[in-house]
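Chemist: So that we are looking at the same thing, I have put the structure below in structure tokens.
The values are calculated or read from the model by the stated rules, or taken from the named source; none is laboratory data. Predicted model only: the values in this text are computed from it and were never measured. No Cβ is skipped: glycine too gets one built from the backbone with ideal geometry, and neighbour counts run over all protein chains shown. The accessibility values were calculated without ligands, DNA or RNA, using every heavy atom of the protein model including side chains. Shrake-Rupley method; radii C 1.70, N 1.55, O 1.52, S 1.80 Å.
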Amino acid sequence: MLHAECYPQEERSLPFPERWPRVSKFALSACAAAVAELVTFPLDLTKTRLQIQGEAAVRRYGAAGRRAVPYRGMLRTAAGIVQEEGLLKLWQGATPAVYRHIVYSGVRMITYEHIRDSVLGRAEDESFPLWRSVVGGMAAGAIGQFFASPTDLVKVQMQMEGKRRLEGKPLRFHGVHHAFVKILSEGGIRGLWAGWVPNVQRAALVNMGDLTTYDSVKHFLLLNTPLQDNSVTHSIASVCSGLVAAILGTPADVVKTRIMNQPRDKQGRGLLYKSSADCLIQAIQGEGFMSLYKGFLPTWMRMAPWSLVFWLTYEQIRRICGVSSF
């Protein structure tokens, strides 16, 4: 009886990360993701603008004729946004982007660790076979992105508002809340998840590159080199993960961006593309295969510092808060 009475008190005396490990890891990954998102967001906006320009389906249906001179390259795109819309417009859509990463990064990180440590399991020497890491990374990315898809939709559409103003078109939204309400009223719940299929596909590929590469490279270095579990190892692993994630995820990202940005009817159905496969085919037929890599440079240049900032921040705050290294 004495032990039973004392146990709740002992449990309450434990540090919060030990009492609520998954909640703690969710919160820590959300904080790290928010920092990384704000630092690298201008590159995400540049990437989105590059992916939309020269869209063959828009030319075919004659939407506004694309009167504006298209951007050419990452630096000119960024410079054009600053000159035509103002410096702060480089962060247009940052609020829903942060919301998105709070959900997306939080869910994907705890899902991956759960799959790695509890479902599939590590080997006795703490290694994790590559195929298991691939399965875990893709599953974690897909689940995290499904829950975060509405915030991603709002982010993409708000990023294009400055360009609509320059083209003489009326603005669609007056803020994040208004965007959510308007999309919900026009397309219903289905409208909030517009483009979720290519979104989830992209997230699965990106996380196969990001989580899988980071985890595999980090533990390979720890097991096979003199490197310790410190910022040097974390930096090397994060640089590798950012590059692989950009290569695997850019085509799906282009498709996702175009589907999310297309006009829709009252039932929430897209007017330009029937599906992600249709968007993929139209892009290749109308613009060539390399159109799938529009915005690759800013995607990679964003993913590399994003991955670096995120993983260094995440590993460091885990250490500070008494949570074991990822």
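Chemist: Does Lys163 fit the bill of being open to solvent by 50 Å² or more (accessible area, probe 1.4 Å) and at pLDDT below 80? Before the answer, list the steps.
Modeler: Working: open to solvent by 50 Å² or more (accessible area, probe 1.4 Å): no; at pLDDT below 80: yes.
The answer is no for Lys163.
Chemist: Also: Quick check on this structure: which one of Ala56, Ala94, Ala78 is of a type in the set (Gly, Ala, Ser), touching a Gly at 6+ places or on another chain (Cβ under 7 Å), modelled with pLDDT of 60 or more and more than 30 Å from Ile115 (Cα to Cα)? Steps first, answer last, please.
Modeler: On the way: Ala94 fails: touching a Gly at 6+ places or on another chain (Cβ under 7 Å); Ala78 fails: touching a Gly at 6+ places or on another chain (Cβ under 7 Å).
Going through Ala56, Ala94, Ala78 in turn, the sole match is Ala56.
Chemist: Being open to solvent by 10 Å² or more (accessible area, probe 1.4 Å) and part of a helix (DSSP H, G or I) is the filter; apply it to the stretch 262-285 and report the residue that is modelled with the lowest pLDDT.
Modeler: Ser276
Chemist: Any residue in the stretch 21-39 that is at pLDDT below 80 and either open to solvent by less than 40 Å² (accessible area, probe 1.4 Å) or touching a His at 6+ places or on another chain (Cβ under 9 Å) (or both)? Reasoning before the result, please.
Modeler: Step one: filter the stretch 21-39 for residues at pLDDT below 80, giving 21.
With the extra rule that they be either open to solvent by less than 40 Å² (accessible area, probe 1.4 Å) or touching a His at 6+ places or on another chain (Cβ under 9 Å) (or both), the set shrinks to none.
Checked against the condition, which is being at pLDDT below 80 and either open to solvent by less than 40 Å² (accessible area, probe 1.4 Å) or touching a His at 6+ places or on another chain (Cβ under 9 Å) (or both), the stretch 21-39 yields no hits at all.
Chemist: Would a scan of the stretch 223-236 turn up a residue that is in contact (Cβ under 8 Å) with a residue 60 or more places away in the chain, closer than 25 Å to Val134 by Cβ, surrounded by 18 or more Cβ atoms within 10 Å (Cβ to Cβ) and of a type outside the set (Gly, Ala, Ser)?
Modeler: Yes, that holds for at least one residue.
Chemist: Here's a follow-up. With the structure loaded, tell me whether Ile259 is under 23 Å from the mean Cα position of the chain (by Cα) and either among the basic types (Lys, Arg) or crowded, with 19+ Cβ neighbours inside 10 Å (or both) or whether it fails that test.
Modeler: Values: under 23 Å from the mean Cα position of the chain (by Cα): yes; either among the basic types (Lys, Arg) or crowded, with 19+ Cβ neighbours inside 10 Å (or both): yes.
Yes: the conditions hold for Ile259.
Chemist: In the stretch 197-246, which residues are over 15 Å from Gly141 (Cβ atoms) and among the hydrophobic types (A, V, I, L, M, F, W, C)?
Modeler: Val217, Phe220, Leu221, Leu222, Leu223, Leu227, Val232, Ile236, Ala237, Val239, Cys240, Leu243
Residue-wise test of (1) among the charged types (D, E, K, R); (2) open to solvent by 10 Å² or more (accessible area, probe 1.4 Å).
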{"residue": "Val82", "(1), (2)": "no, yes"}
{"residue": "Gly86", "(1), (2)": "no, yes"}
{"residue": "Ala97", "(1), (2)": "no, no"}
{"residue": "Arg122", "(1), (2)": "yes, yes"}
{"residue": "Phe128", "(1), (2)": "no, yes"}
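Chemist: Considering Phe146, Phe173, which residue is among the aromatic types (Phe, Trp, Tyr) and either under 25 Å from Ile81 (Cβ atoms) or open to solvent by less than 50 Å² (accessible area, probe 1.4 Å) (or both)? Reasoning before the result, please.
Modeler: Details: Phe146 fails: either under 25 Å from Ile81 (Cβ atoms) or open to solvent by less than 50 Å² (accessible area, probe 1.4 Å) (or both).
So the residue among Phe146, Phe173 that is among the aromatic types (Phe, Trp, Tyr) and either under 25 Å from Ile81 (Cβ atoms) or open to solvent by less than 50 Å² (accessible area, probe 1.4 Å) (or both) is Phe173.
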